[in-house]
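Contents: one structure, followed by commentary.
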Amino acid sequence: LLQEKGPCQAYHGVEEDEKDEADHDEVLIDRVTDLLSAIAKASGPGFEPLFRRVTPHLLKFNQPHRAAPDRVMAIGTLGDIVEEMGPRVQPYLKDLFPVVIKALSDKECGVRRNAAYTVGVFAIHGREAAKPYAKDAISALSRLLELRAEHKGNDGYEACRDNACSAISK
C-alpha cells in the first residue's frame, strides 16, 4: 500500500470522484503508517529489516509535490518508528538525517513540527553517527525558535517550537 499499487488505490477515471479518492487514499495511508508504528513498537530493534524495506516507500510521501498531510505523515512516522528501533537506525542516518533537516524548512508547520521531533529521536538513538549532522540540525532548529508575533497563540506553531526546544536539548 505504501507503493500506492493496491487495488483499492487504483484510479477508475471518474473525475468527480477525485476528491473522494484522494480523501480515501489519505485515510488509507494514515492507517498503514499507524500500523507500521504499532509493529515497530511491538518489534523494537527487530523492526530494522522491515524498516530497510519500507523507508524508501515512506519517504516518497515527503516529496515537495505531495500534499502537506502526506509530508506530515511521512516525517512523523519515520520518527515514531525510529523511536522504537533505537540505535539500529545508525546505519541509515547518512541518508535520512539530511532529509529530515530539509523538512525543518518545509512551508507546512506540521512537517516542521514532526521533523523537529524526528531530529530529536535521531540525536538520541544516533549517538556518534548523529554528530556530523548536529551543526546543521541545530541551525535549522534554532530558526524554529524564532516565533513571530503573528504566530503567538497558534497551537501548531507553539508545538513546533516546543519540539525544536526538545530536539536541541537532546
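Things worth noting here:
- Within the set Lys102, Lys131, the sole residue that is over 28 Å from Ala42 (Cα atoms), of a type in the set (D, E, K, R) and within 16 Å of the chain's Cα centre (by Cα) turns out to be Lys102.
- Applying the criterion of being part of a loop (DSSP other than H, G, I, E, B) and not hydrophobic (A, V, I, L, M, F, W, C) to the residues of the stretch 87-115, the residue that is surrounded by the most Cβ atoms within 10 Å (Cβ to Cβ) is Asp106.
- Residue match in the stretch 69-84 (condition: open to solvent by 50 Å² or more (accessible area, probe 1.4 Å), in a loop (DSSP other than H, G, I, E, B), free of Cβ contacts under 8 Å to residues at least 60 places away in the same chain and closer than 28 Å to Ile138 by Cα): no
- Among (1) touching a His at 6+ places or on another chain (Cβ under 8 Å); (2) polar (S, T, N, Q); (3) open to solvent by less than 30 Å² (accessible area, probe 1.4 Å) - the single one Thr118 does not satisfy: (1)
- Selection from the stretch 138-164 of residues that are farther than 23 Å from Pro69 by Cα and modelled with pLDDT of 90 or more: Ile138, Ser139, Ser142
The values are calculated or read from the model by the stated rules, or taken from the named source; none is laboratory data. On a predicted model such as this, the values are computed, not experimentally measured, just so you know. Heads up, the Cβs are rebuilt from the backbone with ideal geometry, glycines too, and the neighbour counts pull from every protein chain shown. SASA here: full protein model, heavy atoms, side chains in, ligands and nucleic acids out. Shrake-Rupley method; radii C 1.70, N 1.55, O 1.52, S 1.80 Å.
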